[in-house]
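A.B. asks: Structure in structure tokens, see below.
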Amino acid sequence: MKKYLQMLLITATSLAQSKDVEVMRYEYQVEISNDKGKMIKSGIAILDIYNTESRFMDLKKYEYTQATPIEKPQPGTSPSINWIVLTKQNNIAFYETIGLDNSYSEEDKNTIKWTILPEIKQWNDYKVQEATANYGGREWTVWFTQEIPLQSGPYKFVNLPGFVVKAWDSENHFVFEFLTSKMTTTNWGILTDKKYVKYTREQTLKARKTTANKTYNQLFEERGISAGKEHTNRYNITIGKLQNPIERDF
């Protein structure tokens, strides 16, 4: 029995230690506009590369996951993006909160089909090429370079022959721009610390549509939150009218 407990302790310690790993971190400036073209959010997102995996998420969101329960976010420091993209060798997992559920769905790494232009341009210190694709109800343009020896980038842009330094959709609702890189230590276990339910692509699209058609009052009620009588009319608006999701093909 004693030996068994010792083995459990060693295993638990090993798992805890394995969460903190050294990664190469690439930082991006993120700018998000609403459907009227007004910028509503901006911030920094991080692309962490660990062995054959990568994780793209908002820096503030990462910091919140590491905060102690008694620490409270400062006003005006909310994440610009609330979803997370984890890329493994062959697939991509998109983590998000839909309604009351924390969920994720997977797809093949090469789902996005690119048209690559041959022209070489100069962007800051890098020689870049342009590529375009339709995905998630948006027309995307990216600039990628082969001078950074990675096939990676922001969001799900991980299957180009180079590293994506800038990406934007045709309406400029979402803009990602590479800033800098550094070696750092990070917690690689944050997606297992919180329970996420696996959805199929069809389940994800259905859940997004259902949630978008609910009012904020309905969502508050489901979460056991009372907005108060004085705010009832204010929140009697469907979620889809105010949200401008990066994937809107539902």
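The values are calculated or read from the model by the stated rules, or taken from the named source; none is laboratory data. Every value quoted in this text rests on a predicted model; they were computed, and no experiment measured them. Backbone-built Cβ (ideal geometry, glycine too); neighbour counts: all protein chains shown. For the accessible areas, the whole protein counts, side chains as well, though only heavy atoms, and no ligand, DNA or RNA atoms are used. Shrake-Rupley method; radii C 1.70, N 1.55, O 1.52, S 1.80 Å.
A.B. asks: 222 nm [θ] for the chain, helices only, -39500 (n - 2.57) per DSSP H run of 4+, per residue, to 500?
C.D. replies: Value at 222 nm, helices only: -6000 deg cm²/dmol.
A.B. asks: How big is the antiparallel share of DSSP beta bridges in region 121-188, given as a percent to the nearest 5?
C.D. replies: On the way: 19 of 20 bridges.
Percentage antiparallel, nearest 5: 95.
A.B. asks: Tell me whether region 169-216 comes out rounded, prolate or oblate; compute the Cα gyration tensor, take square roots of the eigenvalues as a ≥ b ≥ c, and use a/c under 1.5 as the rounded threshold. Could the numbers behind the result be given before it?
C.D. replies: Working: a/c = 2.81, a/b = 1.31, b/c = 2.15.
It is oblate, given that a/c is not under 1.5 and a/b is not larger than b/c.
A.B. asks: When the accessible area of the chain is computed with all protein chains present and a 1.4 Å probe, what percentage of it is carbon and sulfur?
C.D. replies: Values: 7430 of 14730 Å².
Ligands and nucleic acids excluded, carbon and sulfur reach 50 percent.
A.B. asks: List every residue whose amide H lies under 5 Å from the amide H of W114, counting only residues 5 or more places away in sequence or on a different chain, with H placed 1.01 Å from N in the peptide plane.
C.D. replies: For W114, no residues qualify.
A.B. asks: What net charge do the residues around T87 carry, taking every other residue with its C-beta under 12 Å from that of T87, with Lys and Arg at +1 and Asp and Glu at -1?
C.D. replies: Values: positive: R55, K88, K109, K156; negative: D48, E53, E106, E107, D108.
Summing Lys and Arg as +1 and Asp and Glu as -1 gives -1.
A.B. asks: Moving on to the next point. Summing +1 for each Lys or Arg and -1 for each Asp or Glu, what net charge is found among the other residues whose Cβ lies under 14 Å from the Cβ of S181? Please list the in-between numbers first.
C.D. replies: Values: positive: R25, K182; negative: E22, E27, D48, D125, E147, E177.
So the surrounding residues net to -4.
A.B. asks: From the residues Y196, N244, M183, which one has its Cα farthest along the dipole of region 153-250 in the positive direction, the dipole being from +1 and -1 charges on Cβ of Lys/Arg and Asp/Glu about the Cα centre?
C.D. replies: Y196
A.B. asks: Project the alpha carbons of region 153-235 onto their principal axes and report the range along each, largest first, in whole Å.
C.D. replies: Largest first, region 153-235 extends 52, 36, 30 Å along its Cα principal axes.
A.B. asks: Under a Cβ-Cβ cut-off of 11 Å, what is the net charge of the residues other than E119 that fall near it, where Lys and Arg count +1 and Asp and Glu count -1? Walk me through the numbers on the way to the answer.
C.D. replies: Numbers: positive: K121, K127; negative: E130.
Residues near E119 contribute +1 overall.
A.B. asks: How much length is gained on full extension from Q66 to S170, taking 0.36 nm per residue of separation minus their Cα-Cα distance? Before the final figure, lay out the partial values.
C.D. replies: Working: separation 104, 0.36 × 104 = 37.44 nm, distance 3.49 nm.
Fully extending the segment from Q66 to S170 adds 33.9 nm.
A.B. asks: Work out Dmax and Rg for the chain from the C-alpha atoms and quote the Rg first, both in angstrom.
C.D. replies: 20.1, 68
A.B. asks: Sort E139, E107 by heavy-atom solvent-accessible area, probe 1.4 angstrom, most to least. Intermediate values should be presented prior to the final figure.
C.D. replies: Values: E139 110, E107 40 Å².
The ordering from most to least exposed comes out as E139, E107.
A.B. asks: What is the Cα centroid distance between region 131-192 and region 200-239, reported in whole angstrom?
C.D. replies: 31 Å
A.B. asks: Taking the Cα atoms of region 87-168, what is the range of coordinates along each of the three principal axes, in descending order and whole Å?
C.D. replies: Principal axes ranked by extent give 45, 25, 21 Å for the Cα atoms.
A.B. asks: Among T232, M57, S170, whose Cα sits farthest toward the positive end of the charge dipole of the chain (+1 at Cβ of Lys/Arg, -1 at Cβ of Asp/Glu, about the Cα centre)?
C.D. replies: T232
A.B. asks: Shifting gears a bit: For region 107-210, what class follows from the C-alpha gyration tensor (a ≥ b ≥ c being the square roots of its eigenvalues): rounded when a/c is under 1.5, otherwise prolate if a/b is larger than b/c, else oblate?
C.D. replies: Values: a/c = 2.23, a/b = 1.34, b/c = 1.66.
The shape class here is oblate.
A.B. asks: Sort S78, S103, S181, S226 from largest to smallest accessible area, using a 1.4 Å probe on the heavy atoms of the protein chains. Show your work: numbers first, answer last.
C.D. replies: Details: S78 85, S103 0, S181 50, S226 105 Å².
The ranking, largest first, comes out as S226, S78, S181, S103.
A.B. asks: Using only the Cα atoms of region 72-132, what are the Rg and Dmax in Å?
C.D. replies: In order Rg, Dmax, the Cα atoms of region 72-132 give 17.4, 49 Å.
A.B. asks: Assuming 0.36 nm per residue, please report the length gained on full extension of the stretch T97 to E53 beyond their Cα-Cα distance. Write down the numbers at each step before the final one.
C.D. replies: Working: separation 44, 0.36 × 44 = 15.84 nm, distance 2.21 nm.
The T97-E53 span can extend by a further 13.6 nm.
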